[in-house]
Amino acid sequence: MGHGVKRKEDPRFIQGKGNYVDDVKLPGMLFLDFVRSPYAHARIKSINADKAKALPGVVAVLTGKDLVPLGLDWIPTLSSDKMMVLPTEKVVFQMQEVVGIVAEDRYTAADAVSLVEVEYEPLPAVTNPMKALEPGAPIVRPDKGTNHVFHWEVGDKAATEKLFSGADVVVKQELYYPRIHVSYMETAGCVADFDQVRGHLTLWMTTQAPHAVRTVAALVTKIPENNIRIISPDIGGGFGGKVYVYPGYIVAAVASIVTGHPVKWINDRSDDQPSTAFGRDWHMTAELAAKKDGTMLGVRIKTVSDHGAFFGDANPSKFPAGLFSICTGSYDLKGGFAEVDGAYTNKPLGGITYRCSFRVTEAVYAIERMVDVLAYKIGMDPTDLRMKNFIPSNKFPYKSIFGWTYDSGNYTAALKKAMDKIGYWDLRKEQAEKRKKGELMGIGVSSFTEIVGAGPSAQFDILGIKMFDSAEIRIHPTGKAIARFGTKSQGQGHETTYAQIIAEELGLPIEDITVEEGDTDTAPYGLGTYASRSTPTAGAAAAMASRKIRDKARKLAAHLLEAREEDLVWERGKFYVKGSPERAKTIQDIAFAAYTNHPPGVEAGLEAVDYYDPPNMTFPFGSYICVVDIDRGTGQPKVRRFVAVDDCGNIINPLIVEGQIHGALAMGFGTSFLEEIKYDEDGNVFGANFMDYLIPTAVETPKWETEKTTTPSPHHPFGAKGVGESATVGSPAAFVNAVVDALSQGGIPHIDMPLSPWKIWNALKEKGLAMEA
Amino acid sequence: MEGGKTKMHIAVTLNGKKYDADVEPRLLLVHFIRENLGLTGTHIGCDTSNCGACTVLVDGKAVKSCTVLAVQTNGKEVLTVEGLAKGGKLHPIQEGFWEKHGLQCGFCTPGMMMAAYALLQKNPSPSEEEIRRGISGNLCRCTGYVKIVESIQYAADKMMMAERKMEVPAK
Ligand code: FES
Ligand code: FES
């Protein structure tokens, strides 16, 4: 462990031999496409598909009415609400699937889509969640009778009130975390193959959680769970967007049942972007109370969250607002209160996606932004203010006011390292010089604390299924191994990382270990990969299963060496007799004996399964510093440098960890500067394809500079914490703080993301700071 | 539309192999490669010519194969990711991506490598800036690009070295 070994999965990807869902091709396979709604809110008066049906090559047409007898016109969401598969009465967002067309190939299906006539009666739409919660707003969900989804709160409201009224300083800022889309490079899709003779459904699909999908599919379709096989092949990025179950999967399965053929559905990008799960859309009013000297006292945040037409956040059941209660961040506070009200609007479902760690992105953004707002208010350097208020390293494990027990941390060390690396104080001097010349330069800091590794089963479940994860390892007679997991990589490199863990624990060469995930017929049950949970859960399970194998190996070695078990010493890859290292048996010798020469009273074989239920969450952290220059003529921000110091505990593969951090930083960069899905009042969507929704290219993406500190998790079997989302969670505040820092000389207190040149230029213009040609 | 369905005959050389086919004039090159020829290494990531996942070379030029009709390649030579490795030996670009961790999910990778291939043909020792511009038509959502740039630099160095060896015959 701790080595940057090259990834085991790469040879197939670099040779064009990956197996993504669109690469699956079965004999007689048909293709599914959808007629989608042009309206955000409209009653369906009629659907006429005669012309489509008459087109040669069209095999079937499916509407909501066809799903009713199967009980599949609505299905449960991951947050105990329900969602439409195909509408029977009205559509509730623009680009919603309305009619499924099944044809012999994708061109014919697309032709037929344009031949379907749907008559709509438009209804007033609501796209602003604040307005949705006002009396008299159009009701999105008549079955609910209200647009109010939930109210959630944490903390002591009255005590916080007192804390705030007694404070020397209170700062307040409205912060909008925009609606964004994960924009994985591979869109959602599936191939459904129903075997009518066996009554068996195989579904190749882009899912991050194959087992959970199987169980839910069994419950809603009444197909017995042993007759459903979910195969999640190579996935072209997931980032949370592929946890959800989309109508396409269900309609493809029904289409396969109806037609007796395998059916493929692959979303076009322009269909995927506006209809699959979004991230964020979180309207916050945040306040921070402090003493004059900068001692932070408490935090208060009121949020209205926009959930679209169905509350389907891929959240643990007991957490409607995700883990937003991590919003006290890295600071030792006296009190606080946070509340969230969810609203239904005429938009698609989502919320928990895009590497967000269950709403930790929003929480971290709020607190890290507010620390800077406070720093300006009291005229203190933002790094000094952070240092002053960090939870001291000797206070871990630390119980936060909202009830989390942070496992370990050393926040000062991480910030210090970032400051040294970037040359913080020199940059401040340079900034002062530039200011004199009227040049705009900003420095932004973010010292985030993440919460990942869901999770301890007492608190964490999804639809009742506990959030453990699993590993099954089998050692073959010749000492080679296969290991299977309940998680599912979407690019995170599990085939390498897990092999490294097992190699470390059992002393097998990495190349002798095959890692498999994603086939529910063979993999042990697990809840999948999202929220940076794989290393904290399945990675731990790999270590625990390896240790079970080692325990059995000890028995076998004792038999082979004619020694007592307690006299054997384990050294990576072998047992030897204490005091005589030449009397040794390697793990390969032992594996062979497990099948050829096992002692009486010991079962043959060498394998183990482990279902790992973590005792606590893990709390990765880090400090990021961003330097930005802004062109006063155009408003164009340019990130000059970005230093990221991450602490994710002990690292299995530094190369993979660095890659994860880079990728997540680029996502945070996109969020901060480029990306937003917007709606107008009528519910027309903007940002529905890659022409309108800008994701970073190599040209504007900064050159990341990374460093680490290492504070192991005390409760994880090998001290790891998880890292996949740290940088998406931590970086937006650094970017925004940097831009606002640059603009602060003009008295501009805040700009909401994305920080487009246009927005920045307008803010400058308002203050008379823009340079005009 | 009906007229669009009358098939046309094309002869295309793909990765050095000649293919004859009757295709609809509207068939996109990417679908021809993936579905008619069964080479699924070339991917589709969008429908607006923005992502570059479908990048291949046609007569040595990098093109987005989702924006070219199969019939336009009649009589031409196409190179896809499957044609990069020769005789079981990885191309330096492939080596670079593996060595420098230039990929994660791998979905953008074939297109990215083909764009890099075209870039290095034109400019064998590009600067970082030139590499970034050279792949600006290719989106990657996983890597944050730094490692992709390093992968291409690795390949450039390796290819230059091989070139030099060829120029200076061993004594
Ligand atoms: S598929 Fe996106 S550019 Fe061709
Ligand atoms: S490696 Fe996943 S999109 Fe580039």
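Taking the stretch A:615-624 as the range and being over 19 Å from the mean Cα position of the chain (by Cα) and open to solvent by less than 20 Å² (accessible area, probe 1.4 Å) as the test, the residues that pass are A:Ser623, A:Tyr624. Among the residues of the stretch B:37-58, those that are touching a Phe, Trp or Tyr at 6+ places or on another chain (Cβ under 8 Å) and more than 8 Å from chain A (Cβ to nearest Cβ) comprise B:Leu37, B:Leu57. Of the residues making up the stretch A:84-96, those that are open to solvent by 10 Å² or more (accessible area, probe 1.4 Å) and part of a strand (DSSP E or B) are A:Met84, A:Lys90. For the stretch A:433-453, a residue qualifies if it is farther than 19 Å from A:Asp647 by Cβ and of a type in the set (Val, Ile, Thr), and exactly one does: A:Ile443. Within the stretch A:414-446, being within 14 Å of A:Glu707 (Cα to Cα), touching a Ser or Thr at 6+ places or on another chain (Cβ under 9 Å) and surrounded by 18 or more Cβ atoms within 10 Å (Cβ to Cβ) holds for A:Ala414, A:Leu415, A:Lys417, A:Ala418, A:Met419.
Per-residue answers, yes or no, for (1) open to solvent by less than 50 Å² (accessible area, probe 1.4 Å); (2) away from chain B (no Cβ under 14 Å):
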{"site": "A:Tyr107", "(1), (2)": "yes, no"}
{"site": "A:Ala112", "(1), (2)": "yes, no"}
{"site": "A:Val116", "(1), (2)": "yes, yes"}
{"site": "A:Val126", "(1), (2)": "yes, yes"}
{"site": "A:Met130", "(1), (2)": "no, yes"}
{"site": "A:Leu133", "(1), (2)": "no, yes"}
{"site": "A:Pro138", "(1), (2)": "yes, yes"}
{"site": "A:Asp143", "(1), (2)": "no, yes"}
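Close Cβ contacts (under 6 Å, 6 or more residues apart or on different chains) running from residues in the stretch A:233-261 that are within 14 Å of chain B (Cβ to nearest Cβ) to residues that are in a helix (DSSP H, G or I) comprise A:Pro233/A:Val21.
Determine whether A:Ala523 is under 31 Å from the mean Cα position of the chain (by Cα) and under 21 Å from A:Pro620 (Cα atoms).
no
Being facing chain B (nearest Cβ under 10 Å), assigned to a helix (DSSP H, G or I) and surrounded by fewer than 24 Cβ atoms within 10 Å (Cβ to Cβ) is a property that holds for A:Leu655. Among the residues of the stretch A:541-557, those that are open to solvent by 10 Å² or more (accessible area, probe 1.4 Å) and not acidic (Asp, Glu) comprise A:Met544, A:Arg547, A:Lys548, A:Arg550, A:Lys552, A:Arg554, A:Lys555.
Would you confirm, using the coordinates I've provided, whether A:Pro76 is free of Cβ contacts under 8 Å to residues at least 12 places away in the same chain and away from chain B (no Cβ under 14 Å)? When the stated conditions are applied, A:Pro76 does not pass them. Considering every residue within the stretch B:10-25, establish whether at least one is in a helix (DSSP H, G or I) and away from ligand 1 (no atom under 16 Å from the Cβ). No; the residues of the stretch B:10-25 include none that is in a helix (DSSP H, G or I) and away from ligand 1 (no atom under 16 Å from the Cβ).
Here is a yes/no grid of residues against (1) open to solvent by less than 10 Å² (accessible area, probe 1.4 Å); (2) more than 19 Å from the chain's Cα centre (by Cα):
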residue	(1), (2)
A:Gly166	no, yes
A:Tyr177	yes, no
A:Ser183	yes, no
A:Phe194	no, yes
A:Thr202	no, yes
A:Val213	no, no
A:Pro224	no, yes
A:Asn227	no, yes
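Pairs meeting the criteria (first residue in the stretch B:44-63 and at positive phi, second residue more than 9 Å from ligand 1 (Cβ to nearest atom) and β-branched (Val, Ile, Thr), beta carbons under 9 Å, at least 6 apart or on different chains) are B:Gly52/B:Ile135; B:Asp59/B:Thr73; B:Asp59/B:Val78.
For the subset of the stretch B:124-168 comprising residues that are among the basic types (Lys, Arg) and facing chain A (nearest Cβ under 7 Å), which member is surrounded by the most Cβ atoms within 10 Å (Cβ to Cβ)? Looking at the filtered set, the residue picked out is B:Arg141.
Out of curiosity, is A:Ala742 outside any loop (DSSP other than H, G, I, E, B), surrounded by 20 or more Cβ atoms within 10 Å (Cβ to Cβ) and of a type outside the set (Phe, Trp, Tyr)? Break it down stepwise before answering.
Working: outside any loop (DSSP other than H, G, I, E, B): yes; surrounded by 20 or more Cβ atoms within 10 Å (Cβ to Cβ): yes; of a type outside the set (Phe, Trp, Tyr): yes.
Against the criterion (outside any loop (DSSP other than H, G, I, E, B), surrounded by 20 or more Cβ atoms within 10 Å (Cβ to Cβ) and of a type outside the set (Phe, Trp, Tyr)), A:Ala742 qualifies.
Look at (1) under 30 Å from A:Gln96 (Cα atoms); (2) surrounded by 24 or more Cβ atoms within 10 Å (Cβ to Cβ); (3) more than 14 Å from every other protein chain (Cβ to nearest Cβ); (4) not hydrophobic (A, V, I, L, M, F, W, C) and you find that A:Pro754 fails only one, number (2). Only residues that are among the hydroxyl-bearing types (Ser, Thr, Tyr) and either within 16 Å of ligand 2 (Cβ to nearest atom) or open to solvent by 60 Å² or more (accessible area, probe 1.4 Å) (or both) were counted across the stretch B:54-76, and they come to 2.
Can you name the residue in the stretch A:229-267 that is outside any strand (DSSP E or B) and within 16 Å of ligand 1 (Cβ to nearest atom) and, of all such residues, is farthest from A:Tyr525 (Cα to Cα)?
First pass over the stretch A:229-267, keeping only residues outside any strand (DSSP E or B): A:232-233, A:235-262, A:267.
Next, only the ones that are within 16 Å of ligand 1 (Cβ to nearest atom) stay: A:236-237, A:267.
Details: A:Gly236: 23, A:Gly237: 22, A:Asn267: 28 Å.
Checked the stretch A:229-267; the qualifying residue farthest from A:Tyr525 (Cα to Cα) is A:Asn267.
Please go through (1) within 17 Å of the chain's Cα centre (by Cα); (2) away from every other protein chain (no Cβ under 13 Å); (3) loosely packed, with under 12 Cβ neighbours inside 10 Å for B:Thr6 and return the number of the only condition it doesn't satisfy. Here B:Thr6 meets the rest and fails (1).
For every residue, the table says whether it meets (1) within 16 Å of ligand 2 (Cβ to nearest atom); (2) touching a His at 6+ places or on another chain (Cβ under 9 Å).
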| position | (1), (2) |
| --- | --- |
| B:Gln94 | yes, no |
| B:Gln104 | yes, no |
| B:Ala115 | yes, no |
| B:Asn123 | no, no |
| B:Arg133 | no, no |
| B:Ser136 | yes, no |
| B:Cys140 | yes, no |
| B:Val146 | yes, yes |
| B:Glu150 | yes, yes |
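Taking residues in the stretch B:91-104 that are within 20 Å of A:His494 (Cα to Cα) and at the interface with chain A (Cβ under 7 Å from one of its Cβ atoms), and partners anywhere that are open to solvent by 30 Å² or more (accessible area, probe 1.4 Å) and outside any loop (DSSP other than H, G, I, E, B), the pairs with Cβ atoms closer than 6 Å and at least 6 places apart or on different chains are B:Glu99/B:Tyr154; B:His101/A:Leu655.
The values are calculated or read from the model by the stated rules, or taken from the named source; none is laboratory data. These numbers were taken from a predicted model, which means no experiment stands behind them. All Cβ positions, even for glycine, are placed from backbone atoms using ideal geometry, and neighbour counts span all protein chains on display. Side chains are part of the model used for accessible areas, which takes the heavy atoms of the whole protein and leaves out ligands, DNA and RNA. Shrake-Rupley method; radii C 1.70, N 1.55, O 1.52, S 1.80 Å.
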